[in-house]
Ligand SMILES: *Cc1c(COP(=O)(O)O)cnc(C)c1O
């Protein structure tokens with residue numbers, strides 16, 4: 001056990017009260033009052049046309065691939081530096097993933113490289129706002145529009161973040177969120193699909209309800225519900241929605257706490273970092289980040305590994321992040337090879353994430369910063 005883990009979930013508001021309420025109301029399957037409250041909150045605060053809770057971000061991504069009618073042989077442009085689900089959702093429909101490198105500064109999909117990878121078979125570009133810092137969405141959506149290609153935002157890190165004043169998750173035709181334990185807002189396992197292009201709404205409701213028009217039935221638009229399309233069971237239990245809603249209600253407090261944690265690391269490590277060629281996260285002035293993570297880019301793999309070990313010996317868990325997807329066993333089956341995405345390959349070796357959760361104390365942060373500085377004195 002680590003004295004200071006990398007992540008630790010916590011109750012931040014009325015989670016237990018709301019879960020009890022859901023049970024007492026006698027509705028713990030999906031799409032009850034708490035689910036609707038979560039949907040409304042996202043639709044009103046973000047301004048998306050439709051929000052649908054799902055069982056995970058992975059499942060929301062699966063839904064996006066179904067909604068975009070991804071077929072065998074289609075190509076989907078993805079960053080090489082991301083979580084497997086960003087890509088797997090499309091591969092499961094038979095798509096060929098085209099791995100594109102990331103920018104060395106924000107670690108986001110390098111928009112300057114996208115166009116050279118577009119072919120007549122390209123159906124979608126999936127972007128990940130790494131650490132909740134927005135990708136260059138103006139450029140990306142322009143390129144995509146020019147070629148008739150859909151943009152999906154895997155916004156697992158970026159809920160309530162902004163790009164040029166606009167919320168992340170509202171910039172592609174749809175976006176996916178995660179409420180996994182490690183994200184800013186959680187219910188253990190959970191997600192959401194945010195739909196911006198209204199043409200996908202009706203089918204999304206059907207796909208999420210096992211391919212039936214059950215949602216229309218509950219709205220009284222049809223008198224019985226039936227099998228109308230492919231689909232699966234992508235809706236979470238009300239118990240989870242109750243937990244999540246309690247967290248979302250406290251979003252300002254959570255975001256404030258996370259901002260303070262991020263700023264503490266930044267202020268106390270900036271000088272140390274610049275003296276040792278360590279890079280801290282870069283946030284362009286027009287991006288408002290939701291303070292999802294704090295990372296260091298060490299000068300070498302060796303230095304990264306020794307810092308992980310040194311922190312670990314003092315009970316602090318620092319962790320690396322994504323391994324280059326194009327070099328994984330699956331990625332190689334799609335033709336990925338060393339050297340394809342040099343920035344991804346380099347960054348993956350040198351990146352270290354520090355403990356980050358909303359109730360991380362200043363005492364613990366002081367200790368973490370001291371330990372880091374001692375190793376490198
Ligand atoms: C966490 C994460 C996911 C997966 O989220 P789940 O809710 O666990 O399925 C997908 N993409 C990114 C970028 C993530 O960080």
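The values are calculated or read from the model by the stated rules, or taken from the named source; none is laboratory data. Note that the structure is a prediction, hence the values are computed from the model and not measured. Positions of Cβ are generated from backbone atoms using ideal geometry, with glycine treated the same way; all protein chains shown enter the neighbour counts.
Some observations on this one:
Listed here are the residues, each with its yes/no results for (1) outside any loop (DSSP other than H, G, I, E, B); (2) out of contact with any strand residue (DSSP E or B) (no Cβ under 7 Å at 6 or more places or on another chain); (3) in the same structural domain as residue 120 (by TED's automatic domain parsing).
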position	(1), (2), (3)
45	yes, yes, yes
52	yes, no, yes
62	yes, yes, yes
65	yes, yes, yes
70	no, no, yes
78	yes, no, yes
82	no, no, yes
85	yes, yes, yes
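- Count of residues meeting criterion [part of a loop (DSSP other than H, G, I, E, B) and without any contact (Cβ under 8 Å) to a residue 24 or more places away in the chain] in the range 21-33: 1
- Checked against the criteria, residue 36 does not count as in the same structural domain as residue 218 (by TED's automatic domain parsing) and not in a helix (DSSP H, G or I).
- Failed criterion for residue 253 (all others in (1) in a helix (DSSP H, G or I); (2) over 18 Å from residue 361 (Cα atoms) hold): (2)
- Of all residues in the range 178-194 being surrounded by 24 or more Cβ atoms within 10 Å (Cβ to Cβ) and not in a loop (DSSP other than H, G, I, E, B), the one that is farthest from the ligand (Cβ to nearest atom): 194
- Residue match in the range 299-316 (condition: under 22 Å from residue 84 (Cα atoms), touching a residue at least 60 places away in the same chain (Cβ under 8 Å) and buried (at least 16 other Cβ atoms within 10 Å of the Cβ)): no
- Residue pairs meeting the criteria (Cβ under 6 Å; at least 6 apart or on separate chains; first under 15 Å from residue 51 (Cβ atoms), in the range 171-189; second surrounded by fewer than 18 Cβ atoms within 10 Å (Cβ to Cβ)): 173/197
- Residue match in the range 70-87 (condition: within 14 Å of the ligand (Cβ to nearest atom), more than 20 Å from residue 246 (Cα to Cα), surrounded by fewer than 16 Cβ atoms within 10 Å (Cβ to Cβ) and at pLDDT 95 or above): yes
- When we screen 336, 331 for residues that are at pLDDT 95 or above, part of a loop (DSSP other than H, G, I, E, B) and touching a helix residue (DSSP H, G or I) at 6+ places or on another chain (Cβ under 6 Å), the only hit is 336.
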